[in-house]
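Colleague: Just dropping this structure here.
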Amino acid sequence: MNSPDALVFGGGPAGVAAACELAAAGCSVLLVHQDGALGGPVHRHEGDGGASPRVAPSRRWRRLAAEMDGLGGRITVRLRTAFVGLDGEGKFLVRDMARNAVSVLRAPRAVFALGAVEQVPPVPGWQLPGVMMAGGLQLLVKGGVPLPAKRVVLAGSGPLLLALAAQMARAGHSPVAVLEAGRPFRVHPAGLGLLEGPEYLWEALRYQAILRACGVPYRMGARVVSVDGAPGALDVAFRAGADPTIQHLDAGLVALHDGLAPNDHGLPRAGLHASGVRIQYAGDCREVLGGRAAIAGGRLAALALLSEMGRTAPDAAGRAAKWERILSRHRRIQRAVTSLFATEWPAPATWPDHLVLCRCENRTVGDLRAVLDPRVPSPKEIKLVGRFCMGECQGRLCERSVRRFLGDREGVPYPAKSLVGERWPVRPTPITAFLDDAGAEGAASSVPPT
Ligand SMILES: Cc1cc2nc3c(=O)[nH]c(=O)nc-3n(C[C@H](O)[C@H](O)[C@H](O)COP(=O)(O)OP(=O)(O)OC[C@H]3O[C@@H](n4cnc5c(N)ncnc54)[C@H](O)[C@@H]3O)c2cc1C
């Protein structure tokens, strides 16, 4: 497929739904996905290097996969290939992860459905070996990979910690404890918002019941203060509620989590790109609303592109209204979930100098304070002189903390996107990957979605 009508980047529910919608309207679509199987963190279930062979595909995913199968080959899938950039001439650069080769794709329109990135609470010790992110641990658990340590502590905040703890307990490897900084199960008016999404409420109660049955303490209002030690022998210090006493837990492995944010770092903006390419975002990459909403979001993104092409089906307005209603409902549910998990992390002014902000380049709060003395420099100086948001992850992990720190110091929120604007490549890519294959049109392969 030399130049499809549309490119879709990201093969989770949002990307697959967008591809189906475009293909159903007669467009040729190239779906580019970085993993070895479609599905994203929730639905990926087989053939992905053992990612989640134990997990059967959900009904929702099976329906989507069947829809894709029924589209007569108008969707071509390219796996193990990542989007790395869109240049000013409308060339999409993609990197074949196995061959380490960048090639060029062209299309007049694209949907970015790259999902979400995990956030981590910036606590002293989060950069140590033996401390990982909850999403990474979930991948191991779902894949049935033996964990490197017996005693695992989950800490931070958010529904993923609860889900992961229940998944671990069901897999026979219960965590020692979940230290949840928020108080999601307290009586709070925001809880009423969950009545709109009873499926979430039941899911949460089911997870809690599993934890109770397996004797896993789910400690609400417990805030991790620091992690210290070496892999296999970590000390997790935490405070519970208003009690100033510091308590300790021994752990072999610690998994931290503090919610999800759109994975939109460095991406070209939605709308009409300078090169003339039309761009839409979909799913968690646009707004973190979960898997159910991601399908609606993918279909809406595709409808927007089809409308710009003048290919509006007679029933498009009605279907768009239905998906907008689904998104609005999930927005209200997510607001309720966010309020229930609301957490006060220590104010940036109290962060110790030794606290690491950028794990990639080992840059600390002290380093940031030094760059700020005596004035707050431009975002460029913070990056070039301070080397924040400049490492391997390109700010995906530290940007939020750096902005929080700067905003707190200035007394006004530090502008979003100022430290990680639009750019390509969107992630570090070896120069050899460009040299070997630059300008080549990579071969596309049709792969069944499940
Ligand atoms: C670590 C993690 C764990 C989660 N666990 C749960 C859970 O237990 N339960 C739950 O209900 N929800 C969970 N979620 C949320 C859930 O995954 C999403 O809400 C839902 O899948 C959103 O669908 P999506 O299609 O927007 O994105 P995703 O399903 O995330 O799909 C996006 C895909 O794009 C791929 N991608 C990213 N960058 C590129 C690139 N540059 N080029 C090509 N492909 C790329 C990613 O590998 C990913 O597979 C989790 C999210 C994360 C990040």
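Nothing in this text is a laboratory measurement; each read-out follows from the coordinates by a stated rule. Note that this is a predicted model, so its numbers are computed, not measured. Neighbour counts run over all protein chains shown; Cβ positions are idealised from the backbone, glycine included.
Colleague: Which one of E344, E180, E196 has the biggest mean-square fluctuation once the chain is modelled by GNM with Cα springs under 10 Å?
Modeller: E344
Colleague: Between A233 and K380, what is the label-to-label distance in nm when each label sits 7 Å out along the Cα-to-Cβ direction?
Modeller: 5.0
Colleague: Quick one: among G191, G130, G12, which has the greatest mean-square fluctuation in a GNM of the chain with alpha-carbon springs under 10 angstrom?
Modeller: G191
Colleague: Might you report the magnitude of the Cβ-based charge dipole of the chain about its Cα centre, with Lys and Arg at +1 and Asp and Glu at -1, to the nearest 20 debye? Mind showing how you got there, number by number?
Modeller: Numbers: 53 positive and 40 negative charges, 181 e Å.
Around 860 debye, computed over the chain.
Colleague: Could I have the simple spin-label model distance between R335 and E392, label points 7 Å from Cα toward Cβ, reported in nm to one decimal?
Modeller: 4.0
Colleague: Shifting gears a bit: How big is the antiparallel share of DSSP beta bridges in the chain, given as a percent to the nearest 5?
Modeller: Values: 31 of 62 bridges.
If we restrict to bridges inside the chain, about 50 percent are antiparallel.
Colleague: With θ set to phi - 60°, apply the Karplus curve 6.51 cos²θ - 1.76 cosθ + 1.60 along segment 30-40 and write out the HN-Hα couplings as whole Hz, x wherever there is a Gly or Pro.
Modeller: 10, 9, 10, 9, 7, 8, x, 8, 6, x, x
Colleague: Taking the alpha-carbon distance from K142 and a cut-off under 25 Å, which lysines remain once sequence neighbours fewer than 8 residues away in the same chain are dropped?
Modeller: K150
Colleague: Which Cys in the chain stand alone, with every other cysteine's Cβ at 4.7 Å or more from theirs?
Modeller: Cys with no partner Cβ under 4.7 Å: C20, C27, C214, C285, C360, C389, C393.
Colleague: In whole angstrom, how far apart do the alpha carbon centroids of segment 254-311 and segment 366-409 sit?
Modeller: Going from one Cα centre to the other spans 27 Å.
Colleague: Could you give the distance between the Cα centres of segment 1-38 and segment 179-250, to the whole Å?
Modeller: What the calculation gives is 38 Å, centre to centre.
Colleague: Which FRET efficiency value, to the nearest 0.05, do you get for R170 and A347 by plugging their Cβ-Cβ distance into 1/(1 + (r/R0)^6) with R0 = 45 Å?
Modeller: On the way: r = 38 Å, r/R0 = 0.85.
E between R170 and A347, to the nearest 0.05, is 0.75.
Colleague: Sticking with this structure for a sec: Mind giving me the FRET efficiency for R325 and Q247? R0 is 56 Å, r the Cβ-Cβ distance, nearest 0.05 is fine.
Modeller: On the way: r = 46 Å, r/R0 = 0.82.
Result of the calculation: an efficiency of 0.75.
Colleague: Which whole-Hz ³J(HN,Hα) couplings does segment 255-267 yield from phi under the Karplus relation 6.51 cos²θ - 1.76 cosθ + 1.60, θ = phi - 60°, glycine and proline marked x?
Modeller: 10, 10, 7, 8, x, 10, 9, x, 8, 10, 4, x, 5
Colleague: Top mean-square fluctuation among G26, G252, G39, Gaussian network model of the chain, C-alpha springs under 10 Å?
Modeller: So, out of G26, G252, G39, the one fluctuating most is G26.
Colleague: When Lys and Arg each count +1 and Asp and Glu each count -1, what net charge do the other residues less than 10 Å away from V84, Cβ to Cβ, add up to?
Modeller: On the way: positive: R95, R427; negative: none.
With Lys, Arg at +1 and Asp, Glu at -1, the net is +2.
Colleague: Along the Cα→Cβ direction, 7 angstrom out, place labels at M309 and A66. What is the inter-label distance in nm?
Modeller: 2.6
Colleague: Moving on. Please list, or write none, the lysines whose alpha carbon is within less than 18 Å of the alpha carbon of K380, excluding same-chain residues fewer than 8 places away.
Modeller: Within the straight-line limit of under 18 Å, K380 reaches these lysines: K417.
Colleague: Quick one: Karplus J couplings for segment 70-81, per residue in order, coefficients 6.51, -1.76, 1.60, θ = phi - 60°, nearest Hz, x for Gly and Pro?
Modeller: Each residue of segment 70-81 in turn: x, 9, x, x, 6, 10, 9, 10, 10, 8, 6, 9 Hz.
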